[in-house]
Structures are given as structure tokens and as C-alpha cells.
1. If each residue's Cβ is checked for other Cβ atoms within 10 Å, how do ILE118, ILE72, ILE56 rank with the fewest at the top?
2. Counting only residues 5 or more places away or on other chains, whose amide H sits under 5 Å from the amide H of ASP44 once H atoms are built in the peptide plane?
3. Within the stretch 99-122, find all residues whose amide N lies under 19 Å from a label point positioned 7 Å from the Cα of THR36 along Cα-to-beta-carbon.
Amino acid sequence: MPRHLIGALATLVLLSVSPAPRSFAAGAAGVIVASTGAVYDTVDSVQVSLNHVTIIGIVAGQSQSSELLYTISDFPNSSTAAARCDRLALLAMSKPGKFQFATVQVDPSANRYACKLITRTP
């Protein structure tokens, strides 16, 4: 019994001192945590880590690229939803001008998002 307790305490200590991933740490250079959904005309880059998706691209109506971090909502398995968002963003990336990639805020109180792929009219 004491071995299990010591192992559990050691794990707890290690988890409490582990640094957050650099790209998702608050205040990391260039990364802004999204406060609202966005529609992207172009997607230049997509990065997924657990239930976080970082999108670099041009938001509709803007002229410069921005980098925004979204927390994707899909309980109980949020990493699956983030991977699906990744696929939608990659599709928008592969066919610029044909699709728009959008993030939609589904839970404003927890700042959680879902993803959407929009076909542009020719």
C-alpha cells in the first residue's frame, strides 16, 4: 500500500511542476487565445495539441495573417474533435479560394469552439 501512495504522490508532484507546452503557454510570442470565432479566407498553418488548435491564416476582412489558439469542445474526447478540425483546416489549406475555414464559439462561458468548413460560391 505505501508503494502505491508514494508513486501517486511522485506523479502528482511531477505533473504540478511540468511546464505547459510552449506554443500554448499564456503570453507565448505571437499566439493569442481567441476570444471569438473567426472565418478564415486562407489557412497557412494548423497545429493540434490535445484539445487545442492553433490556426495561422487570414481572417475574412483582414489583410494580414494572424495566429489564434482555440480550445475545441467535444466531450468526453476533445482530442478527437481537435483532430477533425485539423482535417477541415488542411482541406481549406489545400484548396485556397474554394473553402473557408471557420471556428464557431459553442460555449462562451468556457471559451470553447467547434470547427466548420464553408464552400465558397464560384
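Any read-out appearing in this document is the output of simple, stated calculations on the displayed coordinates, not a laboratory observation. In this text, all values refer to a predicted model and were calculated from it rather than measured experimentally. All Cβ positions, glycine included, derive from the backbone under ideal geometry; neighbour counts span all protein chains shown.
1. Least crowded to most crowded, the residues run ILE118, ILE56, ILE72.
2. Long-range HN contacts for ASP44: ILE56, GLY57, ILE58.
3. Taking a point 7 Å out along Cα→Cβ of THR36, the residues of the stretch 99-122 whose backbone N falls under 19 Å are 101-116.
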